[in-house]
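Undergrad: Below is a structure I'd like to ask you about.
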Amino acid sequence: MKCICPECKNLIDVSKHPKLAVDYVIECDICGILLGVRSILNEVVETEIIDEGK
Ligand SMILES: [Zn+2]
């Protein structure tokens, strides 16, 4: 399974999230942004940036 950060375009290591599913929140290792999982299709995790209203 792979996941590209929409913010920094780096590959996020999702192997440490074995229960990854839709609505799961992960953090980008590189830029530290929070990402919500929108869909998982063909081993590709699609995410969207979670705006915490800062
Ligand atoms: Zn990132």
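Laboratory data are not the source of any read-out in this text; all were calculated from the coordinates shown. Fair warning: this is a prediction, and the values are worked out from it, not measured in the lab. Every residue, glycine as well, gets a Cβ built from its backbone with ideal geometry; the counts of neighbours run over all protein chains shown.
Undergrad: Counting only C-alpha contacts under 8 Å and six or more residues apart, can you give the relative contact order of the range 2-49 as a whole percent?
TA: 36 percent
Undergrad: Using a 7 Å offset from the Cα along the Cα-to-Cβ direction at both residue 7 and residue 25, what is the distance between the two label points in nm, to one decimal?
TA: A separation of 1.3 nm, rounded to one decimal place.
Undergrad: While we're looking at this one, here's another question. Work out the length of the dipole vector of the range 2-49 about its Cα centre, built from +1 on the beta-carbon of each Lys and Arg and -1 on the beta-carbon of each Asp and Glu, and round it to the nearest 20 debye.
TA: The calculated dipole for the range 2-49 is roughly 100 debye.
Undergrad: No other cysteine beta carbon under 4.7 Å away is the test; run it over the chain and list who passes.
TA: 3
Undergrad: Output wanted: per-residue J couplings in Hz (rounded whole) for the range 33-47, from phi through Karplus 6.51 cos²θ - 1.76 cosθ + 1.60, θ = phi - 60°, x for Gly and Pro.
TA: 6, 8, 10, x, 6, 9, 7, 10, 9, 6, 6, 10, 8, 9, 10
Undergrad: Can you work out the Karplus-derived ³J(HN,Hα) for every residue in the range 15-21? Use 6.51 cos²θ - 1.76 cosθ + 1.60 with θ = phi - 60°, whole Hz, and x for glycine or proline.
TA: Each residue of the range 15-21 in turn: 5, 8, 10, x, 9, 3, 8 Hz.
Undergrad: May I pose another question? If the cut-off is 16 Å between C-alpha atoms, which aspartates and glutamates fall inside it for residue 16, apart from same-chain ones fewer than 8 positions away?
TA: Answer for residue 16, where 16 Å is the Cα cut-off: 27, 29, 43, listed by chain and number.
Undergrad: For the chain, what is the convex hull volume of the alpha-carbon atoms per residue, in Å³?
TA: About 71 Å³ per residue, rounded to a whole number.
Undergrad: If each residue of separation counts as 0.36 nm, what is the full-extension length gain between residue 34 and residue 52 once their alpha-carbon separation is subtracted?
TA: Between residue 34 and residue 52, full extension yields 5.6 nm more.
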